[in-house]
């Protein structure tokens, strides 16, 4: 796992090494084990390395045989060994044992289509000296981040916005349209960011930069909900999901360093742990003084059942408060998900002992883990979604709007009052048009995978883990498993009015019965309680009339009226 960045100057000015080092220096937390640079006239690539595979010779950027191609890469490719054998048969010569070098030779064979053959998580940049072309690409689910900006005569890219913001000639300006969307979604959806001019390359996309032009991104993969496995029995569906999940876990155990697993006691992380040979990993669990938010007792139950060595840390409130500013600072952009804090604490605790950890992220969006899916199912099956209920807000809105309106803390009207910007639903409309499924209920999964998962949950996990130099791998985001789940009928994921029906059925075979029917809690903290008590001064400072007016982004009076 690494941090990557780079610069192209379209005016053919030489790329300054100190400029590239400035960008790369902001990413040291992503790769504390080393740094590398490639500079050729007006092009520069850089890399910060977290050594996981080929610890001795895997430094980047990496080149091909004649040094006409250079790559800087962040991620892990799980099928690289098989691909390497195939490429060697075609006379490609390797000087490392890394997946990074394998990608470069695959690009030589396939051109831009090489991304379709990668099985893993990645964000990468390839400079083709013969074509004078830069290619950027991200993995299908958006596990690894990649940002870019075009300003003046420069095109720049990086793993995190902070590397771009570090450039002295880039102007840091808040995008008010993105700000209004943040208040609606709780994050800024792709391809925008909170900063004007900084863009996020969308998941499952690539883009070329050539002839002084940054071309529009192109999709190379999309989740396909058309066609269903209606002829399979529930038992057959269960067996297939179980098999795919086991394979997904197995391929993510390849590393030259120790591996751990996040274990919360919930269904998703517990199933991941269940399919790991107990001698291969240690489990990591955190808890809090407030017993309502502490699930460590269930995690211990799972670890004991599976025979996995478990490391548990119960955080005192004072420890959490001390890390509060640090955890918020790492995000670069605002995010209204309080679970960033426990995710950061868990990553810090885990990162003290291992460099790689498996997690249960992605299970909710593919297998109906959120309670709102039950509500969508009920409205659709009863026909009530077609009945106007004027006194029940958003009850009969189209699903693609209702899916977000139900969970948004603020209405469009309130957002307009505090930001002075009329809220637009561009992203929801775009994904509604792209969605190709026949079962309208599947659109809820699709929207959450494209937006909530890619632009909020995975960003949170990436920042929290990489801030602690920890690589997190997510078996539930395995492409084969996601593609299979998209072909499952909605009704097979919601059974007996319970979420995650299929996963709970699998859990009966491998997990303690006490946790199988536990309701979803999420990775929460008693945030409201803290903000009203121990963190009251923190809250009052940032929500004071003086502070809001000084920042000049929001209407202070409107803010005060809303939070009364």
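The values are calculated or read from the model by the stated rules, or taken from the named source; none is laboratory data. Predicted model, so just to flag it, every value in this text is computed and none were measured. Note that each Cβ is placed from the backbone with ideal geometry, even for glycine, and that neighbours are counted across all protein chains shown.
Would you say residue 414 is under 28 Å from residue 329 (Cα atoms) and in contact with a strand residue (DSSP E or B) (Cβ under 7 Å, 6 or more places away or on another chain)?
no
In this structure, is residue 333 loosely packed, with under 14 Cβ neighbours inside 10 Å and either closer than 24 Å to residue 469 by Cβ or over 23 Å from the mean Cα position of the chain (by Cα) (or both)? Outline the logic, then answer.
Working: loosely packed, with under 14 Cβ neighbours inside 10 Å: no; either closer than 24 Å to residue 469 by Cβ or over 23 Å from the mean Cα position of the chain (by Cα) (or both): yes.
It is false that residue 333 is loosely packed, with under 14 Cβ neighbours inside 10 Å and either closer than 24 Å to residue 469 by Cβ or over 23 Å from the mean Cα position of the chain (by Cα) (or both).
Which of the following residues is outside any helix (DSSP H, G or I), touching a residue at least 60 places away in the same chain (Cβ under 8 Å) and more than 16 Å from residue 269 (Cβ to Cβ): 327, 336?
Details: 327 fails: outside any helix (DSSP H, G or I).
Being outside any helix (DSSP H, G or I), touching a residue at least 60 places away in the same chain (Cβ under 8 Å) and more than 16 Å from residue 269 (Cβ to Cβ) holds for just one of 327, 336, which is 336.
Taking only region 229-252 into account, find how many residues are within 28 Å of residue 286 (Cβ to Cβ) and free of Cβ contacts under 8 Å to residues at least 40 places away in the same chain.
The qualifying residues number 2.
Can residue 253 be described as crowded, with 21+ Cβ neighbours inside 10 Å, more than 24 Å from residue 126 (Cβ to Cβ), under 24 Å from the mean Cα position of the chain (by Cα) and outside the structural domain of residue 129 (by TED's automatic domain parsing)?
Details: crowded, with 21+ Cβ neighbours inside 10 Å: no; more than 24 Å from residue 126 (Cβ to Cβ): yes; under 24 Å from the mean Cα position of the chain (by Cα): yes; outside the structural domain of residue 129 (by TED's automatic domain parsing): yes.
No; evaluated as a whole, the condition is false for this residue.
Quick check on region 445-454. Is at least one of its residues surrounded by fewer than 24 Cβ atoms within 10 Å (Cβ to Cβ) and in a loop (DSSP other than H, G, I, E, B)?
Checking region 445-454: not a single residue is surrounded by fewer than 24 Cβ atoms within 10 Å (Cβ to Cβ) and in a loop (DSSP other than H, G, I, E, B).
Determine, yes or no, whether residue 140 is at pLDDT 95 or above and more than 27 Å from residue 42 (Cβ to Cβ).
Working: at pLDDT 95 or above: yes; more than 27 Å from residue 42 (Cβ to Cβ): yes.
Yes.
Taking region 507-536, which residues are within 30 Å of residue 173 (Cβ to Cβ) and either modelled with pLDDT of 85 or more or surrounded by 15 or more Cβ atoms within 10 Å (Cβ to Cβ) (or both)? Walk me through how you get there before you give the answer.
Taking region 507-536 first, the residues within 30 Å of residue 173 (Cβ to Cβ) are 527, 531, 535.
Once the filter is applied, which keeps residues that are within 30 Å of residue 173 (Cβ to Cβ) and either modelled with pLDDT of 85 or more or surrounded by 15 or more Cβ atoms within 10 Å (Cβ to Cβ) (or both), region 507-536 yields 531, 535.
Determine whether region 344-353 contains at least one residue that is more than 22 Å from residue 31 (Cβ to Cβ), touching a residue at least 24 places away in the same chain (Cβ under 8 Å) and more than 20 Å from the chain's Cα centre (by Cα).
So far as region 344-353 goes, no, none of its residues is more than 22 Å from residue 31 (Cβ to Cβ), touching a residue at least 24 places away in the same chain (Cβ under 8 Å) and more than 20 Å from the chain's Cα centre (by Cα).
Taking region 199-220, which residues are in a strand (DSSP E or B) and loosely packed, with under 12 Cβ neighbours inside 10 Å? Even if it seems obvious, please write down each step before you answer.
Let us first name the residues in region 199-220 that are in a strand (DSSP E or B), namely 199-200, 205-210, 213-214, 218-219.
The one that is in a strand (DSSP E or B) and loosely packed, with under 12 Cβ neighbours inside 10 Å: 213.
When the residues of region 339-376 are filtered to those that are in a loop (DSSP other than H, G, I, E, B) and out of contact with any helix residue (DSSP H, G or I) (no Cβ under 9 Å at 6 or more places or on another chain), which remaining residue is nearest to residue 281 (Cα to Cα)? Quick ask: steps written out before the conclusion?
From region 339-376, those in a loop (DSSP other than H, G, I, E, B) are 339, 352-355, 359-362, 368-370; that's our starting set.
Narrowing the set further to residues that are out of contact with any helix residue (DSSP H, G or I) (no Cβ under 9 Å at 6 or more places or on another chain) leaves 352-355.
Details: 352: 14, 353: 11, 354: 9, 355: 12 Å.
Filtering first and then ranking leaves 354.
Consider residue 78 carefully, then state whether it is in contact with a helix residue (DSSP H, G or I) (Cβ under 7 Å, 6 or more places away or on another chain) and more than 30 Å from residue 445 (Cα to Cα). Write out each step before concluding.
Numbers: in contact with a helix residue (DSSP H, G or I) (Cβ under 7 Å, 6 or more places away or on another chain): yes; more than 30 Å from residue 445 (Cα to Cα): no.
No; evaluated as a whole, the condition is false for this residue.
Select, from 47, 24, the only residue that is assigned by TED's automatic domain parsing to the domain that holds residue 147, in contact with a strand residue (DSSP E or B) (Cβ under 6 Å, 6 or more places away or on another chain), in a helix (DSSP H, G or I) and at pLDDT 95 or above.
Working: 47 fails: in a helix (DSSP H, G or I).
Within the list 47, 24, the selection yields 24.
What is the one condition in (1) surrounded by fewer than 21 Cβ atoms within 10 Å (Cβ to Cβ); (2) touching a residue at least 60 places away in the same chain (Cβ under 8 Å) that residue 5 does not satisfy?
Tallying (1) surrounded by fewer than 21 Cβ atoms within 10 Å (Cβ to Cβ); (2) touching a residue at least 60 places away in the same chain (Cβ under 8 Å), residue 5 fails exactly one: (1).
As an exercise: evaluate residue 454 against (1) modelled with pLDDT of 95 or more; (2) in contact with a helix residue (DSSP H, G or I) (Cβ under 9 Å, 6 or more places away or on another chain); (3) within 23 Å of residue 159 (Cα to Cα) and give the number of the one condition it does not meet.
The failed condition is (2).
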